[in-house]
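The values are calculated or read from the model by the stated rules, or taken from the named source; none is laboratory data. In this text, all values refer to a predicted model and were calculated from it rather than measured experimentally. We place every Cβ from the backbone using ideal geometry, glycine too, and count neighbours over all the protein chains shown. The protein model used for the area step is the full one, side chains on, heavy atoms only, and it has no ligands, DNA or RNA in it. Shrake-Rupley method; radii C 1.70, N 1.55, O 1.52, S 1.80 Å.
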Amino acid sequence: MSKLCDGGVTLRAQIDRKWPKRDKASDGWIGDAAHRARQSDHNPDSRGIVHAIDIDENLGVGRLRNGRQAKQLADELIAYAKSGLPGSKRIKYVVYENKLASGTYRSTWWKWRPGNWGHTMHIHVSFTSAADEDGRPFPLKCLR
């Protein structure tokens, strides 16, 4: 049976607490048939752990449906991943609005890289194996 990594469970719970009425239409964690046909962090690993979540960009009603808070959330996730703070190594990469940020390439280390990355209706967060059993809260200002 598949389960979401502890870091993903915690981040999703923090987001749900902060924005309890948010739209969840584009939320997800476990891969569908299209994901299963390719390599994806939405697919369970050999131990059944899934290392990705999608968070719908519409975090509220009215003025909060415009994606500004989603962009702030994505930017804060990247700043945290870059920070070296305890638990920051749980984040593998973030994708939002056709941009990707990761610690993979030194020249673009945790900076938004434009491209054809998709994810225009939701934020995609991939986690490293460090998030498998590390469910401590994410210390993001926007989640307070």
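If you go through the stretch 98-119 and keep only what is touching a residue at least 24 places away in the same chain (Cβ under 8 Å) and closer than 17 Å to GLY28 by Cα, you end up with just HIS119. If the condition is being over 25 Å from ASP6 (Cα atoms), of a type in the set (Lys, Arg) and within 14 Å of the chain's Cα centre (by Cα), then the stretch 91-144 contributes only LYS99.
For the stretch 7-66, filtered to residues that are within 16 Å of GLY118 (Cβ to Cβ) and in a helix (DSSP H, G or I), the residue that is modelled with the highest pLDDT is ALA34. Of the numbered conditions (1) of a type outside the set (Val, Ile, Thr); (2) within 18 Å of MET121 (Cα to Cα); (3) in contact with a Pro (Cβ under 7 Å, 6 or more places away or on another chain), GLN14 satisfies every one except a single condition; which is it? Every condition holds for GLN14 apart from (2). When ALA52 is tested against (1) of a type in the set (Gly, Ala, Ser); (2) open to solvent by 80 Å² or more (accessible area, probe 1.4 Å); (3) touching a His at 6+ places or on another chain (Cβ under 9 Å), only condition (2) is not met.
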